[in-house]
Amino acid sequence: MSDLHTPCRFIVKHWQLLAMQDGYTLHTTVIEAVPVEGGFLPAFVGKRDTRVVVQMATPLPTQQAARNSLRDVLWGAHVAGRINLNPLTATEEQAA
């Protein structure tokens, strides 16, 4: 697996490129937390087994807090219409 580290301001663009297809989020995308010194950073694993790690000024204290922080950013982008968090089903992925 390769890691791509990105500032939070680019996370929606990376989600569009690596976690979406045909306007929908791939059902295989996984949100996780990566342990670093001082806590955890939010991350997701998208296409081509690429893990996108969100760089933050201060790591979050728990895995759940890291995952929730990424979910909050993604939900805001979904509500704003920038991404669609509805999953593309496995059948739709195979057809595409």
message: Among the residues of the range 29-45, what is the count of those that are of a type outside the set (A, V, I, L, M) and surrounded by fewer than 14 Cβ atoms within 10 Å (Cβ to Cβ)?
response: 3
Residue under evaluation V79, criteria (1) free of Cβ contacts under 8 Å to residues at least 24 places away in the same chain; (2) touching a strand residue (DSSP E or B) at 6+ places or on another chain (Cβ under 8 Å), criterion not met: (2)
message: Can you go through R48, R67 and tell me which one is surrounded by fewer than 16 Cβ atoms within 10 Å (Cβ to Cβ) and not polar (S, T, N, Q)?
response: R48
message: Restricting to the range 30-49, and then to whatever is within 15 Å of L74 (Cβ to Cβ) and either among the acidic types (D, E) or out of contact with any strand residue (DSSP E or B) (no Cβ under 6 Å at 6 or more places or on another chain) (or both), can you tell me which residue is modelled with the highest pLDDT?
response: E32
message: Against the condition in contact with a Cys (Cβ under 7 Å, 6 or more places away or on another chain) and either among the small types (G, A, S) or touching a residue at least 24 places away in the same chain (Cβ under 8 Å) (or both), how does V54 come out, does it pass?
response: yes
field: Condition broken by V52, with the remaining ones in (1) at pLDDT below 95; (2) over 16 Å from H78 (Cα atoms); (3) of a type in the set (V, I, T) satisfied
entry: (1)
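The values are calculated or read from the model by the stated rules, or taken from the named source; none is laboratory data. None of these values were measured; they are calculated from a predicted model. Cβ sites come from the backbone with ideal geometry, for glycine too, and all protein chains shown count toward neighbours.
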